[in-house]
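Data block below; observations after.
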Amino acid sequence: MINLEVESSQIPLDLLLEADPSEASISSYLSDSWCFAALDKGQVFGVCVVKPQRFALAEIYNVAVSPSHQGKGIGTKLLEFVLSQLPNKGVKRVELGTGTFGYQLIYYQRLGFRVDAIIKDHFLLNYSAPIFENGIQHKDMLRLYLQLKKTIEQSH
Ligand SMILES: CC(C)(COP(=O)(O)OP(=O)(O)OC[C@H]1O[C@@H](n2cnc3c(N)ncnc32)[C@H](O)[C@@H]1OP(=O)(O)O)[C@@H](O)C(=O)NCCC(=O)NCCS
């Protein structure tokens, strides 16, 4: 498996839909974003979509690994690769939104992401169908952030 920056047209839609169920939402950020992929023999198994914001800020809008390949470290290696590439693009701080519980939160926190804020009722107000995980309904969204420079210094 190799990690590369790719064109948005190389990313399969069904993979993006694993992390974001709305095609309209995906098309609102895809063309203005940097796209990174985990590939094996030319086939895309993982994707990470990062949209530059104002100043040195970027937001991760979508991270997904093919269901058949999840839990094998592909997503962690891809996110590590993305975080190593972003300083070359002038990014110092990365932000994202995720649920308040579940393995995805641990996935980000293991790479140093910290909680910035809670957006109350985000999943109730912005999704047409309720989202359940481990029998619990996702209601609020956590905003996470990572200061890239600090993380690199701390890891030495
Ligand atoms: C989140 C995601 C990108 C992580 O990629 P991945 O390749 O599966 O991640 P890794 O293999 O590096 O594993 C990270 C941790 O998540 C756990 N995990 C991965 N997939 C899981 C699943 N479907 N259910 C429960 N735990 C899972 C792994 O077991 C691992 O924890 P561990 O080390 O304690 O075992 C991927 O699971 C995915 O695409 N999920 C669906 C889409 C999604 O939720 N995207 C994020 C939106 S906020």
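Bear in mind that the values in this text are calculations on the coordinates, not laboratory data. Computed from a predicted structure; not experimentally measured. Neighbour counts run over all protein chains shown; Cβ positions are idealised from the backbone, glycine included.
Arranged from fewest to most other beta-carbon atoms within 10 Å of their beta carbon, Arg143, Arg114, Arg54, Arg93 become Arg54, Arg114, Arg143, Arg93. For the stretch 2-154, just say rounded, prolate or oblate: build the C-alpha gyration tensor, square-root its eigenvalues into a ≥ b ≥ c, call rounded for a/c under 1.5, and beyond that prolate if a/b exceeds b/c, oblate if not. It is rounded, given that a/c, with a ≥ b ≥ c, falls under 1.5.
Secondary structure note: in the chain, about 90% of the DSSP beta bridges are antiparallel. So which residue, out of Leu83, Leu125, Leu146, gets the largest mean-square fluctuation from a GNM of the chain using Cα contacts under 10 Å as springs? Comparing Leu83, Leu125, Leu146 in the GNM, the peak value goes to Leu125.
Sorting the segments 104-112, 58-66, 40-48, 129-137 by their mean number of nearby beta carbons within 10 angstrom, highest to lowest, gives 58-66, 40-48, 104-112, 129-137.
Could you tell me the relative contact order of the stretch 18-71? Use alpha-carbon pairs under 8 Å, at least six residues apart, and round to a whole percent. Across the stretch 18-71, relative contact order equals 31 percent. If you count Lys pairs in the chain whose Cα atoms are under 18 Å apart, skipping same-chain pairs closer than 8 places in sequence, the total is 9.
Taking 8 Å as the Cα distance limit and 6 or more residues as the minimum spacing, I'd like the relative contact order of the stretch 1-138 as a percentage.
Relative contact order comes out at 18 percent.
Under the convention that each Lys and Arg Cβ holds +1 and each Asp and Glu Cβ holds -1, the size of the dipole of the chain around its Cα centre is about 600 debye. Inter-part distance, the stretch 53-103 to the stretch 130-144, computed on C-alpha centroids, equals 19 Å. By the beta-carbon count within 10 Å of each Cβ, the least crowded to most crowded order of Lys120, Lys77, fewest first, is Lys120, Lys77.
Adding -39500 (n - 2.57) for every DSSP H run of four residues or longer, then dividing by how many residues the chain holds, sets the calculated 222 nm ellipticity at -7500 deg cm²/dmol.
Within the listed set Ser68, Ser33, Ser25, the Gaussian network model of the chain (springs between alpha-carbon atoms below 10 Å) gives the highest mean-square fluctuation for Ser68.
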